[in-house]
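FYI, it's all coordinate maths here, none of it is from the lab. Not measured: the values here are computed from a predicted model. Backbone-built Cβ (ideal geometry, glycine too); neighbour counts: all protein chains shown.
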């Protein structure tokens, strides 16, 4: 039997880390890599932690309120370099103008309008949501936009505060939305302005998973399956915006991480959810 990577966190010989353990010729344990090391080929991947060992870029570009200067903020180890972030921003506010794509596709999420940039530092303190460094969207006009993609699978850690009828993933015309329906326990996917409701789910700070298997779509929050899974959605799901205002509906809340795949991740869903939860401790 092969142990799961999370059953044993580390193996050492003296001070040397061991990456694989064999019993005879059988591999019985392998050290877990970063999320995109183990589950690669994402279309886009935005996070405040490092997702891929080979990724050498920054996490975010931040504008400080004191003089509107911008600076890239990277990682210390696999975590956001909050010391450099706070040193740069100082006692004022820090706004995210770019969230770098760690997938390797270079499809960064951008906001060039200063007044529409979400917040990551407020009055010299890093924004925290339930203990995790988060990007905060004000519910007025904040959003981040990327080049449109067609997704099959999405994994997101989000907390939409003004929830009913709002979405964390949209297109700029808001004809396509993934987010909340009539109540906080009902999630909604809108495609070509047609709403598809998914009941029996969780609201608040949750790990969201949406999987499209041949036009049959399933929705999960914190690994809990909707009672409506699967629902037939015949049209392609095209998106290009994070937390974009939907007409008169403001979208206020937090994002920590969102990863979009062009392929069916049913086989990896539970493992990806577990990876996210192990890092952020959501459920």
Simple spin-label estimate for residue 213 and residue 79 in nanometres, 7 Å along Cα-Cβ: 3.7 nm
Computed [θ] at 222 nm, helices only, for the chain once each DSSP H run of length n ≥ 4 contributes -39500 (n - 2.57): -2500 deg cm²/dmol
Label-point gap, in nm, between residue 53 and residue 283 - each point 7 angstrom along Cα→Cβ: 3.0 nm
Listed values [x] 30, 27, 16; [y] 37, 26, 17; [z] 24, 21, 20, entry calculated as semi-axes √(5λ) of the Cα gyration tensor in Å: [x]
Cα→Cβ-extended label distance, 7 Å offset, between residue 266 and residue 149, nm: 2.2 nm
Length gained when the stretch residue 199-residue 238 is fully extended (0.36 nm per residue, less Cα-Cα span): 11.8 nm
The chain, relative contact order in percent, only Cα pairs under 8 angstrom and at least six apart counted: 18 percent
Contour minus Cα-Cα distance for residue 227 and residue 37 (0.36 nm per residue): 65.2 nm
